[in-house]
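A.B. asks: Here it is, the structure, as structure tokens.
Every number in this text was worked out from the coordinates using simple rules, so none of it is lab data. Only a predicted model underlies this, so the values are computations on that prediction, with no experimental measurement involved. Cβ: placed from backbone, ideal geometry, glycine included. Neighbour counts: every protein chain shown.
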Amino acid sequence: MTIEILEIQHGSPEYGLEVTLRNKILRQPLGLHFSSDELAKECFDIHLGAFLGPAMVGCLLLRRVNAHTAKMRQVAIDVSAQGRGIGRRLVATAEERARAMGYTVIELNARATAIAFYSKLGYEVCGEPFTELTLAHQKMRKIL
Ligand SMILES: CC(C)(COP(=O)(O)OP(=O)(O)OC[C@H]1O[C@@H](n2cnc3c(N)ncnc32)[C@H](O)[C@@H]1OP(=O)(O)O)[C@@H](O)C(=O)NCCC(=O)NCCS
């Protein structure tokens, strides 16, 4: 079965799958979960999901920072689907979407364990390391 990348509407059943996946990959391992306030703020974001048939195996969000810059957030690939190029495809689709919306820069806060992944896709570290949700991170950005 082939992977299909689709835009997801906030509040839809697919958004429910997205939150479940993000909880599983990004929050539960840290003993955390999303608050309803956090999720409500995502209604203006662009949500992309990678689907294998009806199953969501990857996702990410794009959030407006200003007229030029979008922030890529919540990049998560299911454990069973990692290392198969799905993250690369999701990021490429997000970049196309961002360009089409007139953005010229994507920025993100990369977990230290994911810096090599984003570097391969052309993102550059900027600034000093910092801690977020107990994990070491670095800001990265790419000019589109
Ligand atoms: C990091 C993550 C998004 C990468 O997605 P993925 O689908 O597994 O990555 P891909 O298969 O598209 O990999 C693309 C390239 O990056 C490399 N890569 C992927 N993850 C990597 C990592 N953690 N460290 C180093 N290289 C990595 C791959 O080897 C591949 O390189 P290649 O093209 O030379 O073969 C995914 O593994 C994940 O969700 N991890 C857990 C959650 C997480 O850390 N999210 C990011 C938070 S900032």
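A.B. asks: Identify the single condition in (1) more than 26 Å from residue 139 (Cβ to Cβ); (2) more than 9 Å from the ligand (Cβ to nearest atom) that residue 62 does not satisfy, given that it satisfies every other one.
C.D. replies: With respect to (1) more than 26 Å from residue 139 (Cβ to Cβ); (2) more than 9 Å from the ligand (Cβ to nearest atom), residue 62 is out only on (1).
A.B. asks: Among the residues of region 24-69 satisfying the criterion of being part of a loop (DSSP other than H, G, I, E, B) and touching a helix residue (DSSP H, G or I) at 6+ places or on another chain (Cβ under 8 Å), which is farthest from residue 102 (Cα to Cα)?
C.D. replies: Applying the filter and picking the extreme gives 33.
A.B. asks: Taking the conditions exactly as written (touching a residue at least 40 places away in the same chain (Cβ under 8 Å) and within 25 Å of residue 55 (Cα to Cα)), does residue 104 satisfy them or not?
C.D. replies: Judged against the criteria, residue 104 is not a match.
A.B. asks: How do the pairs read when you match residues in region 10-21 that are closer than 11 Å to residue 49 by Cβ with residues anywhere that are among the β-branched types (Val, Ile, Thr) and outside any loop (DSSP other than H, G, I, E, B), using Cβ under 9 Å and keeping only pairs 6 or more apart or on different chains?
C.D. replies: 14/8; 15/8; 17/8; 18/8; 21/57; 21/77
A.B. asks: Here's something else I'd like to know. Can you give me the number of residues within region 98-136 that are away from the ligand (no atom under 13 Å from the Cβ), in contact with a strand residue (DSSP E or B) (Cβ under 7 Å, 6 or more places away or on another chain) and assigned to a helix (DSSP H, G or I)?
C.D. replies: 1
A.B. asks: Please enumerate the residues belonging to region 65-82 that are out of contact with any strand residue (DSSP E or B) (no Cβ under 6 Å at 6 or more places or on another chain), within 11 Å of the ligand (Cβ to nearest atom) and of a type outside the set (Gly, Ala, Ser).
C.D. replies: 79, 82
A.B. asks: Does residue 127 satisfy being under 12 Å from the mean Cα position of the chain (by Cα) and among the small types (Gly, Ala, Ser)?
C.D. replies: So residue 127 does not fit the description; no.
A.B. asks: Within region 22-43, work out how many residues are under 20 Å from residue 89 (Cβ atoms) and free of Cβ contacts under 8 Å to residues at least 40 places away in the same chain.
C.D. replies: Counting residues in region 22-43 that are under 20 Å from residue 89 (Cβ atoms) and free of Cβ contacts under 8 Å to residues at least 40 places away in the same chain gives 0.
A.B. asks: Right, something else. Starting from region 70-97, keep only residues that are in a strand (DSSP E or B), then list their pairs with residues that are more than 7 Å from the ligand (Cβ to nearest atom) and of a type in the set (Val, Ile, Thr) whose Cβ atoms are within a distance under 6 Å, requiring at least 6 positions of separation or different chains.
C.D. replies: 70/106; 71/65; 72/106
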